Amino acid sequence: MYHSVGDCSDDPHRVTVTPDRLDQQLGWLWRRGLRGVSMAELLAARAGGWGRDLVGLTFDDGYADFVEHALPVLRRWECGATLFVLPGRLGGDNAWDRPGPRKPLLTADGIRHAAAEGVEIGSHGLTHIDLTQADDTLLRAEAAGSRAVLRELTGTEVAGFCYPYGTVDRRVADAVRQAGYGYACAVDPGPLTGPYALPRVHVGQRDNAARLWLKTGLHRLRRRPAGDACREDVR
Ligand SMILES: [Zn+2]
């Protein structure tokens, strides 16, 4: 689980890795015979009973720096990725992260550019709110509404959703499934773990080779498969 890729000298929320660090991390995967792919590719492979050498790479919020800094590194290591964007804040910024530096978000053109480069575009809701606190009408707008906007924007169906702040409960997961998504990413969803609450590991600037190795092992231990292929270690 990545967010922003760029200068991380002022990064109180720890959402940024430098392009050099991302390069080292993807190189670390490559040396272990692993390859980063989009969530759609990962889930399709695992559903088919293969893909143990694949790692889902996700980038939340849709920062403008994705195109400038992340895409060239992903290309260099021949990795795919899923970018979870906020169609209610096109060309805006991370106003929900206060205090902290303002980080611009991709415009519609920027999202289309990423999609044209083979990046899977998923929804992070419309405006980045805690969906467990939203009433049913707002929840529907954030889940189904954002999917409709992104379908229009990209010209393709949108399979993936990602819960803002990683917060999800049964009602929110049901709303996302009913909106037509095929899967949804959380962070640490506990008993909700499944295709609509996939666990992820935060990867940050401090994650060098030793820490990545530890995180890989700990992730498997903390999230034991519960019988369903989709629940298995999405690393
Ligand atoms: Zn977010």
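Given the criteria surrounded by fewer than 14 Cβ atoms within 10 Å (Cβ to Cβ) and in contact with a strand residue (DSSP E or B) (Cβ under 8 Å, 6 or more places away or on another chain), does D20 qualify? Criteria not met by D20.
Does at least one position in region 52-73 carry a residue that is among the acidic types (D, E) and away from the ligand (no atom under 16 Å from the Cβ)? Among the residues of region 52-73, at least one is among the acidic types (D, E) and away from the ligand (no atom under 16 Å from the Cβ), which makes the answer yes.
Residue by residue, here is whether (1) under 29 Å from Q24 (Cβ atoms); (2) more than 15 Å from the ligand (Cβ to nearest atom) holds:
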{"position": "L83", "(1), (2)": "yes, no"}
{"position": "P87", "(1), (2)": "no, no"}
{"position": "A108", "(1), (2)": "no, yes"}
{"position": "R112", "(1), (2)": "no, yes"}
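Would you check if there is a residue in region 117-130 being without any contact (Cβ under 8 Å) to a residue 24 or more places away in the chain, over 20 Å from T16 (Cα atoms), away from the ligand (no atom under 16 Å from the Cβ) and open to solvent by 40 Å² or more (accessible area, probe 1.4 Å)? No, region 117-130 contains no residue that is without any contact (Cβ under 8 Å) to a residue 24 or more places away in the chain, over 20 Å from T16 (Cα atoms), away from the ligand (no atom under 16 Å from the Cβ) and open to solvent by 40 Å² or more (accessible area, probe 1.4 Å). Just one of the listed residues (R89, R35) is open to solvent by 20 Å² or more (accessible area, probe 1.4 Å) and farther than 23 Å from R151 by Cβ, and it is R35. For W28, indicate whether it is surrounded by fewer than 22 Cβ atoms within 10 Å (Cβ to Cβ), in contact with a helix residue (DSSP H, G or I) (Cβ under 7 Å, 6 or more places away or on another chain) and more than 20 Å from A186 (Cβ to Cβ). Judged against the criteria, W28 is a match. Within region 176-187, if we keep just the residues that are touching a helix residue (DSSP H, G or I) at 6+ places or on another chain (Cβ under 7 Å) and free of Cβ contacts under 8 Å to residues at least 40 places away in the same chain, the residue that is farthest from the ligand (Cβ to nearest atom) turns out to be G180.
Show the residue pairs that are 6+ apart or on different chains and have beta-carbon atoms under 9 Å apart, the first residue being within region 1-18 and without any contact (Cβ under 8 Å) to a residue 40 or more places away in the chain and of a type in the set (F, W, Y), the second being within 13 Å of the ligand (Cβ to nearest atom) and open to solvent by 30 Å² or more (accessible area, probe 1.4 Å). Qualifying pairs under 9 Å: none. In region 157-167, the count of residues that are farther than 23 Å from W96 by Cα and open to solvent by 10 Å² or more (accessible area, probe 1.4 Å) is one or more. Number of residues in region 112-130 that are in contact with a Leu (Cβ under 7 Å, 6 or more places away or on another chain) and within 16 Å of H69 (Cβ to Cβ) equals 3. For residues in region 1-15 being modelled with pLDDT under 95 and closer than 22 Å to A186 by Cβ, which is farthest from the ligand (Cβ to nearest atom)? The residue in question is R14.
The values are calculated or read from the model by the stated rules, or taken from the named source; none is laboratory data. Bear in mind the structure is a predicted one, so any value in this text is a computation, not a measurement. Virtual Cβ from ideal backbone geometry, glycine too; neighbours counted across all protein chains shown. The area values use the complete protein model at the heavy-atom level, side chains included, leaving out ligands, DNA and RNA. Shrake-Rupley method; radii C 1.70, N 1.55, O 1.52, S 1.80 Å.
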